[in-house]
Amino acid sequence: MCHGLTKLKKKPETGWLCDVGRQCAANSIANLDAAYNNFYKKKSSYPKFKKKRGRQSFRISAPFCRAGNDGVAIPIIGILKCEVKLPVQYKLWSITISKTTTGKYFASINYEMEIADPIADKTKPMIGLDFGLKHFITTSDGIKVEHPRPLAKKLRRLRRLNRLLSHKKLGSKRRSKAKHRLALQHERITNIRSDFLHKLSRRLVGENQAIYVEDLNIEGMKQRFGRQVGDAGWSEFVKQLSYKGLWYGCDVFKIDRFFPSSKTCSKCGEINRGLQLSDRSWRCNECCVVHDRDVNAASNILVYGRADRNLRSQRDAKTHLVEARNQSNGEPYTI
């Protein structure tokens, strides 16, 4: 494919390919090759053309780019002045220049560096997290974090901006302005969600030595509950917990998604098979303890994860919880 690109540069009608750095075109071909490989391996859908008016980006690989205190150096363009904070010793791999739909430019620097293995603090506690539609997360110690719901709160504004955009004439300046206002609104929603997820994940990783979470079927939940699942951002939250845990010495584990955490009594292990999704609290028929649905689920996730039974069958869930409680030498845990 690179030989074909060289031939295109020599043709008069495609001579504009010489106006950009050769690394841009070469990396685009590499991205296309990776997209086709993922398609043939059934990891993604068939490759699509990049939209002209969407997010734009190009990548320059080392050693054709440079990053320093004065900014980033790109072939043909020159030095782009910006504030760059890099470690003392690192190996630069590439720099990606991107332009958002709102007209903002960013430089993403991909580099490699050696970091020391983090030392886990054994004095910190372990927690279990339960995800829910009523609350974003509920921890095993009874703390409930509310949903930010940025999309739901801005949905009325989004609909109005979409209506205004649809009334504008194609190709007019007013349509461009309306499209820019709509893109700004989407960007605000993304920033609110991202800020919430980053702050919460960093706080949880810093306060605990181990975190146990559910392995949710996000796609299945989207089909049942709609946009509120995507608005929550649970997949991104778990991903942030995972890589931040590696950075700061906090272990993050996923338990089996078929473990009945909400239906299992965290005191005696009895399973309430008649529990409905609308039941926010329930009484155990075996030990008569009244449970908050979400706190009980988070407590069960913690106990099940600490017992290291994630690869076992869920048919013995009651036995697993009893064994985990016995292994703790009678040490109580909060519900």
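Coordinate-derived values only; no laboratory data. Predicted model, so just to flag it, every value in this text is computed and none were measured. Methodologically, a virtual Cβ is constructed for each residue, glycine included, from the backbone with ideal geometry; neighbour enumeration extends over all protein chains shown.
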| field | Gain in span if fully extended, Asn31 to Asp121, counting 0.36 nm per residue against the direct Cα distance | value | 28.3 nm
| query | Which ³J(HN,Hα) values, rounded to whole Hz and listed in residue order, are derived for segment 89-98 from phi using the Karplus coefficients 6.51, -1.76 and 1.60 in 6.51 cos²θ - 1.76 cosθ + 1.60 with θ = phi - 60°, glycine and proline given as x? | reply | 10, 7, 10, 7, 9, 6, 10, 10, 9, 10
| note | When Met113, Met221 are ranked with the fewest other C-beta atoms within 10 Å first, the list becomes Met113, Met221
| said: I want to check the label-to-label distance for Asp292 and Ile79. Put each point 7 Å from Cα in the C-beta direction and report it in nm to one decimal. | reply: 5.7 nm
| task | Under a cut-off of 24 Å between alpha-carbon atoms, report the lysines in cross-link reach of Lys144, not counting same-chain residues fewer than 8 places apart. | result | Lys124, Lys134, Lys153, Lys154, Lys199, Lys222, Lys239, Lys244, Lys254, Lys263, Lys267
| task | Just subtract the alpha-carbon distance of Glu146 and Arg283 from 0.36 nm times their residue separation and send over the number in nm, one decimal. | result | 46.9 nm
| task | Would you mind telling me which residue in Ala34, Ala26, Ala73 has the biggest mean-square fluctuation in a Gaussian network model of the chain, where springs connect alpha carbons within a distance under 10 angstrom? | result | Ala34
| query | Does anyone have the angle between helix 317-327 and the longest principal axis of the chain? Alpha-carbon axes, 0 to 90°, nearest 10? | reply | 80 degrees
| said: Can you report the principal axis dimensions of the chain using only the alpha carbons, biggest first, rounded to whole angstrom? | reply: 83, 54, 40
| said: For Cys82, Cys284, Cys268, which order do you get if you count the other beta carbons within 10 Å of each Cβ and list the fewest first? | reply: Cys82, Cys268, Cys284
| task | Enumerate the residues in segment 143-187 having an amide nitrogen under 17 Å from the point lying 7 Å beyond the Cα of Lys104 toward its Cβ. | result | 150-151, 180-187
| Per-selection Kirkwood Rh - segment 73-205 (Cα, Å, 1 d.p.) | 19.7 Å
| note | Residues whose built amide H sits under 5 Å from the amide H of Asp215, excluding neighbours closer than 5 in sequence, are Ile255, Arg257
| message | Give me Cys250, Cys18 sorted ascending by neighbouring Cβ count inside 10 Å, so fewest comes first. | response | Cys18, Cys250
| Between the helical axis of 150-166 and the dominant principal axis of the chain, each derived from Cα atoms, what acute angle in degrees is found, rounded to the nearest 10? | 30 degrees
| Once phi is turned into ³J(HN,Hα) by the Karplus curve 6.51 cos²θ - 1.76 cosθ + 1.60 with θ = phi - 60°, what whole-Hz value does each residue of segment 285-293 show in order, with x for glycine and proline? | 6, 8, 10, 6, 8, 8, 10, 6, 4
| request: For the chain, with a Gaussian network of springs between Cα atoms less than 10 Å apart, report the residue from Asn31, Asn285, Asn272 with the top mean-square fluctuation. | output: Asn31
| Residues whose placed amide H lies under 5 Å from that of Arg66, excluding near-sequence neighbours | Ala73
| message | With just the Cα atoms defining each centre, how far is segment 1-49 from segment 150-223? Give it in Å. | response | 31 Å
| Under a plain spin-label model, where a point goes 7 Å from the Cα along Cα-to-Cβ, how far apart in nm are Asn162 and Ser235? | 2.0 nm
| said: Which residue fluctuates most in the GNM of the chain (Cα springs below 10 Å): Pro125, Pro148, Pro47? | reply: Pro47
| remark: Proximal lysine pairs in segment 17-112, meaning Cα under 19 Å and 8 or more positions apart or interchain, come to 8
| query | Under a no-solvent Debye model with one identical scatterer per Cα of segment 211-278, what's log10 I(q)/I(0) at q = 0.23 Å⁻¹? | reply | -1.08
| P(r) tail for segment 65-105, what percent of Cα pairs lie past 14 Å? | 54 percent
